[in-house]
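Visitor: This is the structure I have questions about; it appears just below.
The values are calculated or read from the model by the stated rules, or taken from the named source; none is laboratory data. Remember, it's a predicted structure, so these values are computed and weren't measured experimentally. Here Cβ is always computed from backbone atoms with ideal geometry, including for glycine, and neighbour counts include all displayed protein chains. These accessible areas exclude ligands, DNA and RNA; they are computed on the full protein's heavy atoms, side chains included. Shrake-Rupley method; radii C 1.70, N 1.55, O 1.52, S 1.80 Å.
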Amino acid sequence: MSVAKKQYKRITVKSLVEMKANGEKISMLTAYDYTMAKILDSAGLDVLLVGDSASNVMAGHETTLPITLDQMIYHASSVVRGIERCLVVVDLPFGSYQSDPKEALRSAIRIMKESGGHSIKLEGGREVKESIKRILNAGIPVMGHLGLTPQSIYKFGTYTVRAKEEEEADKLMEDALMLERIGCFALVLEKVPADLAKKVAEAISIPVIGIGAGNGVDGQVLVTHDMLGMTHEFNPRFLRRYLDLYADMTDAFEQYVTDVKSRDFPSEDEQY
């Protein structure tokens, strides 16, 4: 017998835990600006991630490392102004939490106070445990992130799948259990084997959101610009492109140039 899904007027961290308990998958995409956030929110997304991927998508950097806390607050503030229903999660950028739990708390507080975001996300397990605990103790919801952690790209040296070997897989499971135990409300798993991700999702009560982690987790996240086909250099196996906006936008821009140069635009109906 099918069970009617609960309708949420506003998604909270509690909502996500309920959705997992009820077997309802969680939808999550990235957002970096007001206009996109407004569209995503009206489409019924559950979670918007103001990701440090803005460093790549919006600023053109090779990695996520250069983006600053001030820039993350700017993007998050823009997103928050565009939503009515979604839960907004904001990435703590590289260098704002790794070295000192007190610095981590200061960074998280700035995001919450200055952007109006609802929660923060940070990468890592036992290495950043004390930073996570300090943030949680201040009443700030934390989403964890394990597997491929892009802020550690120079440590890994590659964006390949993580935790394929037993030792790393065991550590990932231990870190996931630890993140649940200390109070994280959800967890992102990036580019890990589907079987392992499913085991993690079954082992913990908090939602597990996957990106390149198979269908056995509690929800999915993609970078919005990738799934819309606005980017075209990035082609991982896990990416499904729902549109080809790169081609559509290029056609529109080229047509605009043609219309302006031929004096077709503006027409008599398009002027005062």
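Visitor: Would it be correct to say that VAL221 is hydrophobic (A, V, I, L, M, F, W, C), part of a strand (DSSP E or B) and either out of contact with any Asp or Glu (no Cβ under 8 Å at 6 or more places or on another chain) or at positive phi (or both)?
Guide: Yes: the conditions hold for VAL221.
Visitor: I'd like to know if segment 157-165 contains one or more residues that are in a helix (DSSP H, G or I), of a type in the set (A, V, I, L, M, F, W, C) and either in contact with a His (Cβ under 6 Å, 6 or more places away or on another chain) or open to solvent by less than 40 Å² (accessible area, probe 1.4 Å) (or both).
Guide: Within segment 157-165, none of the residues are in a helix (DSSP H, G or I), of a type in the set (A, V, I, L, M, F, W, C) and either in contact with a His (Cβ under 6 Å, 6 or more places away or on another chain) or open to solvent by less than 40 Å² (accessible area, probe 1.4 Å) (or both).
Visitor: Let me ask something additional. Residue check, ILE206 against (1) in contact with a helix residue (DSSP H, G or I) (Cβ under 8 Å, 6 or more places away or on another chain); (2) open to solvent by 60 Å² or more (accessible area, probe 1.4 Å), all met but one. Which one?
Guide: The one condition ILE206 does not meet is (2).
Visitor: Of all residues in segment 28-70 being among the polar types (S, T, N, Q) and buried (at least 19 other Cβ atoms within 10 Å of the Cβ), which is farthest from MET230 (Cα to Cα)?
Guide: Result: THR64.
Visitor: Condition first: outside any helix (DSSP H, G or I) and in contact with a helix residue (DSSP H, G or I) (Cβ under 7 Å, 6 or more places away or on another chain). Now tell me which residues in segment 53-74 satisfy that.
Guide: HIS61, THR63, THR64, LEU65, PRO66, ILE67
Visitor: Listed residues SER77, SER96; which is in a loop (DSSP other than H, G, I, E, B), among the polar types (S, T, N, Q) and in contact (Cβ under 8 Å) with a residue 24 or more places away in the chain?
Guide: Just a single option satisfies the conditions, and that option is SER96.
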